[in-house]
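Participant: Have a look at the structure that comes next, please.
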Amino acid sequence: MQPLIDNARTFGQRPEEFARLAEGQSPQVLFITCSDSRVVPALITGARPGELFELRTAGNIVPPYASEHPTSEAATIEYAVEVLGVKDIVVCGHSHCGAVGALVRGDDLTAVPAVRDWLTHAAPRPSGAVEDPTVAEGVQNHVLTQVLRLRSYPFIDKKLADGQLSLHAWYYEVHTGCVLTHDASSDAFRAL
Ligand SMILES: [Zn+2]
């Protein structure tokens, strides 16, 4: 913790770099990814403050849309699309994902009931090679499911129909730094 505190103490010594941020934000992209500490969206994309609106959840799960039971995740997505007017949404899964790995393997999550219950939102359970430590196949299947889930959000469906929004499925390798994207024409993940 101490190195983080030390850095935070000196971080604000560049006021000229941040002053314009007081005027507001107009990010073009909503970036949805896992809470995993090895995934650093700004580092991967080179985004500066104000450029990337982020939603991080365990296993980058997008919960089902249900207007009668609003979720923090749906609120964040709605704000990004309807208020900020983002033009693109990226769902970025990653290799070695603990959440997706647990789903693929069917791990017993009795000891972490909140995690267990949250992961039920990932239905259908992603399939993939159980013995693969990267869980690449499982994560990629899972990311595509989350993109489909986004399409079921009414305000996203409308923006897609109007051509005002694009969705992207990414897969990030924590051990190489490489990013793959889903290519719809070949239905495969390929290098960006
Ligand atoms: Zn993860």
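A short reminder: the numbers here are calculations on the coordinates, not readings from a lab. What you see is a predicted model; the values in this text were computed from it and never measured. Glycine gets a Cβ as well: all are built from the backbone with ideal geometry, and neighbour counts include every protein chain shown.
Participant: Just want to confirm a number: the relative contact order over segment 79-162, from Cα pairs under 8 angstrom separated by 6+ residues, in percent.
Facilitator: RCO, segment 79-162: 34 percent.
Participant: How many percent of Cα pairs in segment 6-61 exceed 14 Å?
Facilitator: Across segment 6-61, Cα pairs with separations above 14 Å total 63 percent.
Participant: Still on this model: For the chain, what does the helix formula give at 222 nm: sum of -39500 (n - 2.57) over DSSP H segments with n ≥ 4, over the residue count, nearest 500 deg cm²/dmol?
Facilitator: -9000 deg cm²/dmol
Participant: Another question about this same structure. Taking other Cβ within 10 Å of each residue's Cβ, how do Tyr153, Tyr172 sort, fewest first?
Facilitator: In increasing order of surrounding Cβ atoms, one gets Tyr153, Tyr172.
Participant: Still on this structure, I have one more. Say R0 is 22 Å: what FRET efficiency, to the nearest 0.05, do Ser166 and Ser67 get from their beta-carbon distance?
Facilitator: So the FRET efficiency works out to roughly 0.35.
Participant: Let me ask something else about it. Normalised by the number of residues in the chain, what is the relative contact order in percent for Cα pairs under 8 Å and 6+ residues apart?
Facilitator: 21 percent.
Participant: Another question about this same structure. Which residue fluctuates most in the GNM of the chain (Cα springs below 10 Å): Gly128, Gly85, Gly46?
Facilitator: Top of the fluctuation ranking is Gly46.
Participant: Give the relative contact order (percent, whole number) for segment 1-114; include only Cα pairs under 8 Å separated by 6+ residues.
Facilitator: The value is 30 percent.
Participant: Let me ask another. Let me spell out the model: positive unit charges on the Cβ of Lys and Arg, negative unit charges on the Cβ of Asp and Glu, origin at the Cα centre of segment 112-155. What dipole size does that give, in debye rounded to 20?
Facilitator: About 280 debye.
Participant: Once you have the Kirkwood Rh of segment 88-183 from its Cα pairs, apply Stokes-Einstein at 4 °C and 1.567 mPa s and quote D in µm²/s.
Facilitator: Answer, rounded: 91 µm²/s.
Participant: Moving to a separate point now. Can you tell me the order of 142-148, 64-70 when each peptide is scored by its average per-residue count of other Cβ atoms within 10 angstrom, highest first?
Facilitator: 142-148, 64-70
Participant: Another question about this same structure. In whole Å and largest first, what semi-axes does the C-alpha gyration tensor of the chain yield when each eigenvalue is scaled by 5 and square-rooted?
Facilitator: 27, 22, 18
Participant: Ratio to report: Rg/Rh of segment 33-111, with Cα atoms as the point set and Rh obtained by the Kirkwood method; give two decimals.
Facilitator: Dividing the radius of gyration by the Kirkwood radius yields 1.01.
Participant: Give, as a single signed number, the net charge of other residues whose beta carbon lies under 14 Å from the beta carbon of Phe31, with Lys and Arg counted +1 and Asp and Glu -1.
Facilitator: So the environment of Phe31 carries a net charge of -2.
Participant: Take the alpha-carbon centre of segment 156-176, take the same for segment 1-40, and report the distance between them in whole Å.
Facilitator: Answer, in whole Å: 23.
Participant: Taking the Cα centre as origin and putting +1 on Lys and Arg beta-carbons and -1 on Asp and Glu beta-carbons, what dipole magnitude results for segment 48-106, to the nearest 20 debye?
Facilitator: I would put it at about 300 debye.
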